[in-house]
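Chemist: Quick one: this structure, given as structure tokens, is what I'll be asking you about.
The values are calculated or read from the model by the stated rules, or taken from the named source; none is laboratory data. Since the structure is predicted, the reported quantities are computational estimates derived from the model, not experimental observations. All Cβ positions, glycine included, derive from the backbone under ideal geometry; neighbour counts span all protein chains shown.
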Amino acid sequence: MQKQVSSLKTPSELFDPELPTAKELMAAICCVATQYALKPSQELAILASDLANKLTAPEYADSKLIEDIAERLVQQWARIVSEYGAEDSWLLASHRTLQ
């Protein structure tokens, strides 16, 4: 009975019905991270950051491990995105040479 009640709740804003499980969302993050590693761009960093934020939705919190990973990914990708905004960032300079 408890599961039926919880399944009737409105999904959180962060939940993506096209990626209904944490496993599928993590796969999407891995794909974007791989593309970012091959050719870094601000757009890919923002996409990875958005996906990491989605992983913090309560619907994906199957375990404490998922919650911890989501928190770390949010911090890491937010840092990378913010470095694109820093004009004198050493990382930004290295990204230009990789592109």
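Chemist: Return yes when ALA48 is within 29 Å of THR10 (Cα to Cα), in a helix (DSSP H, G or I) and under 14 Å from the mean Cα position of the chain (by Cα) and no when it is not.
Modeler: So ALA48 passes the test.
Chemist: Can you pull out the residues in the stretch 64-99 that are in contact with a helix residue (DSSP H, G or I) (Cβ under 7 Å, 6 or more places away or on another chain) and either modelled with pLDDT of 95 or more or under 16 Å from LEU44 (Cα atoms) (or both)?
Modeler: ALA70, LEU73, VAL74, TRP77, ALA78, ILE80, VAL81, GLU83, TYR84, LEU91, LEU92
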